[in-house]
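*Asks:* Dropping the structure in here first, questions after.
The values are calculated or read from the model by the stated rules, or taken from the named source; none is laboratory data. Everything quoted here is computed from the prediction, not taken from an experiment. Every residue, glycine as well, gets a Cβ built from its backbone with ideal geometry; the counts of neighbours run over all protein chains shown. Side chains included, ligands, DNA and RNA excluded: accessible areas come from the protein's heavy atoms. Shrake-Rupley method; radii C 1.70, N 1.55, O 1.52, S 1.80 Å.
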Protein chains: 6
Amino acid sequence: MDDRFARGSELLDQIHAGGGAKLVASLSDVAPDLGRYIVEFGFGDVYQRPGLSLRDRQLATVAALAALGTAQAQLAAHIEGALAVGLTREEVVEVIIQMALYGGFPAAMNAVDAARAAFAAADATASAAS
Amino acid sequence: MDDRFARGSELLDQIHAGGGAKLVASLSDVAPDLGRYIVEFGFGDVYQRPGLSLRDRQLATVAALAALGTAQAQLAAHIEGALAVGLTREEVVEVIIQMALYGGFPAAMNAVDAARAAFAAADATASAAS
Amino acid sequence: MDDRFARGSELLDQIHAGGGAKLVASLSDVAPDLGRYIVEFGFGDVYQRPGLSLRDRQLATVAALAALGTAQAQLAAHIEGALAVGLTREEVVEVIIQMALYGGFPAAMNAVDAARAAFAAADATASAAS
Amino acid sequence: MDDRFARGSELLDQIHAGGGAKLVASLSDVAPDLGRYIVEFGFGDVYQRPGLSLRDRQLATVAALAALGTAQAQLAAHIEGALAVGLTREEVVEVIIQMALYGGFPAAMNAVDAARAAFAAADATASAAS
Amino acid sequence: MDDRFARGSELLDQIHAGGGAKLVASLSDVAPDLGRYIVEFGFGDVYQRPGLSLRDRQLATVAALAALGTAQAQLAAHIEGALAVGLTREEVVEVIIQMALYGGFPAAMNAVDAARAAFAAADATASAAS
Amino acid sequence: MDDRFARGSELLDQIHAGGGAKLVASLSDVAPDLGRYIVEFGFGDVYQRPGLSLRDRQLATVAALAALGTAQAQLAAHIEGALAVGLTREEVVEVIIQMALYGGFPAAMNAVDAARAAFAAADATASAAS
């Protein structure tokens, strides 16, 4: 296991508790190297870069996935991650509303569904921890 | 001229010096009401909302337009606006690099072209002002 | 409640019976203002405009959502609305078939699924009313 | 030359004066069969279908291409065709403004550029004919 | 039944056992002519062309649908078809991993889900046949 | 310079003569690390993988970029690369024609423009070499 994978896993687990192992596992039957690249390149290279805070990086990702409208599950996961690194629910909702301007209203409506699921998951995690 | 248009124009001019008037003028021959809606709804309603800073809003817009890859001119304009409300050039570049993960590498490469144009325009403005 | 919201609600209810209240309610837990904007801006401003009939507006929306392929639920809802303002089922199907030329065949196939759901919902409504 | 090509050419020339021959010519060096398929399948099969008027078909196409935002030249060509089969300039502009709701504002702004080019081309044609 | 439909059906059944009849049936309630066009134009004209092998055609389709991210069911069907005309599972997975570069990582992750479903369906078919 | 970059550069230069250095140079003023990632991750990791030939990888990329319709310059560059690793012009054209089925006809028409430019560039290179 090289450095990039190790530091990517660590960061991924900071954003999503246990997320690194789970992501790699979810792809391991069909495309294990895709999971490895997400960890190594996505979180070991790109998300590690010093010029932008982790909170800002999640904000950017939520904006992009909401506007694109083709990655509902990943959007929900990144909203959970966004909350974990310091974005408030209000900020997430504001980003989604703003995306109506750039991706259209249906994209924003679908992103609200992803936010609802992510907020419920965050509630369940918080409740399990208390 | 109603309140929403007035406050939208003011905000648009804060982001892009003189931008509100220019935008409305650019659409006035064919679709003047589209320009009015951008000012009223986009900048008079959405960008005015208190839950997210203007700097974060521009970051979200740059991320979305870079990932979508269908609005090169608007991306360049929003990068100029992003610099005007406090994002650094380094932060803009980081957002663009990160979008390779969500919109693909060609989208990120094209966004670099938009950034280059926006940085040059910002240099020209700064140089004219000095 | 301002004028734009009131006239938007009225129009939305004309297109979808009870649709205005339902749409606002569906977004009210997470992003109530998104629902408000759809009513105020979408149906209070844009759909109100005199230069294009409501029937033509729904035709345009069905075409766009079918070609985009990212808003299956909204496409079904707009097909129901299209029938309510005077498009025939045959015309809806023709628009969808034509979209194979511009959004590709898979987009058209998925739009057929949305049409099937919308036609069934319209049948159920008609049957409940008789 | 089979029937489908012949009737497709005729229809294409009705929408765009001389358009059939020009389209086929423009693709003839690299992909002549693509031009043939557009004529045969697009205009010989799909646009020929009885269930939707030619005017409505052009309206649907303008809506879709404006929302997609990836076919600026084809959008301009279809706007010219839309005028030729009976849509007014006002109706075209209304469709474009409405697409801000489904494809986002930058898509609508770029469609305004296509409309401006198409309106100018229609003016030039009218002026040459008078 | 004309020649194009007959030869399209035959090819479609070679790629997907019984697929031609099933596809036409699945669209026959709402848009039967869309099914006919897919057979006639898609498989009777385009896929018949001599300049590219059937295996390469399926590879191209898998790549495109994975990158687009808007046609999950059709992607799974074409992956099954790809295996039927000679692509290996490893080659399919390689195409999907590569699409992370052009459509982004979420698109590739969703394509892995389609591949998993297609591989399971191919296993079920093989097991039923033995 | 690590191994991944070195082997990525070498492969990139095999596909596009001198392409690695040119690509890195073209991004070096604004986003040098984006160029580095394309070489390291794109060509040092992904394109190196043994399960799919280089010729098939270029075929997949041409298909994806043609269908997406947002990366005209990169499509032209990859068509040149496709010819360099063994795809024929006829095969490239076949892929493009087929993409009309999945990305729509305007996407295919625009891809023809990219192919024309790439074929001319390949002719110029061949003529300079003779």
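*Asks:* Let me spell it out: the conditions are (1) touching a residue at least 24 places away in the same chain (Cβ under 8 Å); (2) facing another protein chain (nearest Cβ under 9 Å); (3) closer than 29 Å to A:F119 by Cα; (4) in contact with a Ser or Thr (Cβ under 7 Å, 6 or more places away or on another chain), and C:A107 meets all of them except one. Which number is the exception?
*Replies:* (3)
*Asks:* Name the pairs whose Cβ atoms lie under 9 Å apart, with the first residue in segment D:24-44 and more than 7 Å from every other protein chain (Cβ to nearest Cβ) and in contact (Cβ under 8 Å) with a residue 12 or more places away in the chain, the second open to solvent by 10 Å² or more (accessible area, probe 1.4 Å) and β-branched (V, I, T), and 6 or more positions between them or separate chains?
*Replies:* D:V24/D:I38; D:G35/D:V24; D:R36/D:V24; D:V39/D:V24
*Asks:* Taking E:A129 as the residue in question, decide whether it is open to solvent by 10 Å² or more (accessible area, probe 1.4 Å), away from chain A (no Cβ under 14 Å), free of Cβ contacts under 8 Å to residues at least 12 places away in the same chain and over 15 Å from A:A71 (Cβ atoms).
*Replies:* On the way: open to solvent by 10 Å² or more (accessible area, probe 1.4 Å): yes; away from chain A (no Cβ under 14 Å): yes; free of Cβ contacts under 8 Å to residues at least 12 places away in the same chain: yes; over 15 Å from A:A71 (Cβ atoms): yes.
The answer is yes for E:A129.
*Asks:* Mind checking which pairs have a first residue in segment F:80-102 that is aliphatic (A, V, I, L, M) and a second that is at pLDDT below 95 and open to solvent by less than 10 Å² (accessible area, probe 1.4 Å), Cβ under 7 Å, 6 or more apart or different chains?
*Replies:* Hits for this filter: F:A84/F:I15; F:V85/F:I15.
*Asks:* Oh, and also: Conditions first: (1) assigned to a helix (DSSP H, G or I); (2) modelled with pLDDT under 95. D:R55 passes all but one, so which condition is the exception?
*Replies:* Failed condition: (2).
*Asks:* What about E:A122, is it touching an Asp or Glu at 6+ places or on another chain (Cβ under 8 Å) and either open to solvent by less than 30 Å² (accessible area, probe 1.4 Å) or more than 7 Å from every other protein chain (Cβ to nearest Cβ) (or both)?
*Replies:* Details: touching an Asp or Glu at 6+ places or on another chain (Cβ under 8 Å): yes; either open to solvent by less than 30 Å² (accessible area, probe 1.4 Å) or more than 7 Å from every other protein chain (Cβ to nearest Cβ) (or both): yes.
When the stated conditions are applied, E:A122 passes them.
*Asks:* Do you know which residues across segment F:95-104 are in a helix (DSSP H, G or I) and open to solvent by less than 10 Å² (accessible area, probe 1.4 Å)?
*Replies:* Start the filter on segment F:95-104 by keeping residues that are in a helix (DSSP H, G or I), which leaves F:95-103.
Selection gives F:V95, F:I96, F:I97, F:Q98, F:M99, F:A100, F:L101.
*Asks:* How many of the residues in segment C:86-104 are at the interface with another protein chain (Cβ under 7 Å from one of its Cβ atoms) and over 21 Å from E:A73 (Cα atoms)?
*Replies:* So the count comes out to 4.
*Asks:* Just a yes or no: is a residue in segment F:46-53 within 13 Å of chain D (Cβ to nearest Cβ), without any contact (Cβ under 8 Å) to a residue 60 or more places away in the chain and out of contact with any strand residue (DSSP E or B) (no Cβ under 9 Å at 6 or more places or on another chain)? Break it down stepwise before answering.
*Replies:* Going through segment F:46-53, the residues within 13 Å of chain D (Cβ to nearest Cβ) turn out to be none.
No, that holds for no residue.
*Asks:* Regarding B:V112, is this residue within 22 Å of A:L52 (Cα to Cα), at the interface with another protein chain (Cβ under 8 Å from one of its Cβ atoms) and open to solvent by less than 10 Å² (accessible area, probe 1.4 Å)? Let's see the steps before the verdict.
*Replies:* Details: within 22 Å of A:L52 (Cα to Cα): yes; at the interface with another protein chain (Cβ under 8 Å from one of its Cβ atoms): yes; open to solvent by less than 10 Å² (accessible area, probe 1.4 Å): yes.
Yes; evaluated as a whole, the condition is true for this residue.
*Asks:* Within segment F:84-94, identify whether any single residue is closer than 28 Å to A:G42 by Cβ and surrounded by fewer than 23 Cβ atoms within 10 Å (Cβ to Cβ), and answer yes or no. So that I can check it myself, show each step before the final result.
*Replies:* As a first pass, look at segment F:84-94 and keep what is closer than 28 Å to A:G42 by Cβ: F:85.
So of that shortlist, the ones also surrounded by fewer than 23 Cβ atoms within 10 Å (Cβ to Cβ) come out as F:85.
Yes, that holds for at least one residue.
*Asks:* With the condition kept exactly as written, say whether any residue in segment A:3-22 is touching a His at 6+ places or on another chain (Cβ under 7 Å), hydroxyl-bearing (S, T, Y) and crowded, with 16+ Cβ neighbours inside 10 Å.
*Replies:* No, because not a single residue in segment A:3-22 is touching a His at 6+ places or on another chain (Cβ under 7 Å), hydroxyl-bearing (S, T, Y) and crowded, with 16+ Cβ neighbours inside 10 Å.
*Asks:* Something else now. When segment A:6-18 is examined, which residues are found to be at negative phi and out of contact with any Phe, Trp or Tyr (no Cβ under 9 Å at 6 or more places or on another chain)?
*Replies:* Of segment A:6-18, the ones at negative phi are A:6-17.
Matches in segment A:6-18: A:A6, A:D13, A:Q14, A:H16, A:A17.
*Asks:* Right, something else. If I filter segment A:60-70 for residues that are within 13 Å of chain E (Cβ to nearest Cβ), under 27 Å from A:A108 (Cβ atoms), polar (S, T, N, Q) and open to solvent by 10 Å² or more (accessible area, probe 1.4 Å), do I get at least one hit?
*Replies:* yes
*Asks:* Oh, and also: Given the criteria modelled with pLDDT under 95 and of a type outside the set (S, T, Y), does F:A129 qualify? Before you say what the answer is, go through the steps one by one.
*Replies:* Working: modelled with pLDDT under 95: yes; of a type outside the set (S, T, Y): yes.
When the stated conditions are applied, F:A129 passes them.
*Asks:* When the residues of segment A:28-49 are narrowed to those that are open to solvent by 50 Å² or more (accessible area, probe 1.4 Å) and outside any helix (DSSP H, G or I), which ends up nearest to A:D3 (Cα to Cα)? Walk me through how you get there before you give the answer.
*Replies:* Initially, segment A:28-49 is screened for residues open to solvent by 50 Å² or more (accessible area, probe 1.4 Å), giving A:28-29, A:32, A:36, A:48.
If we keep only those that are outside any helix (DSSP H, G or I) too, we end up with A:28-29, A:48.
Details: A:S28: 20, A:D29: 24, A:Q48: 12 Å.
Across segment A:28-49, the extreme among qualifying residues is A:Q48.
*Asks:* Can you confirm whether C:A76 is hydrophobic (A, V, I, L, M, F, W, C), buried (at least 24 other Cβ atoms within 10 Å of the Cβ), within 14 Å of chain A (Cβ to nearest Cβ) and in a helix (DSSP H, G or I)? Walk me through it before giving the result.
*Replies:* Working: hydrophobic (A, V, I, L, M, F, W, C): yes; buried (at least 24 other Cβ atoms within 10 Å of the Cβ): no; within 14 Å of chain A (Cβ to nearest Cβ): yes; in a helix (DSSP H, G or I): yes.
In short, no.
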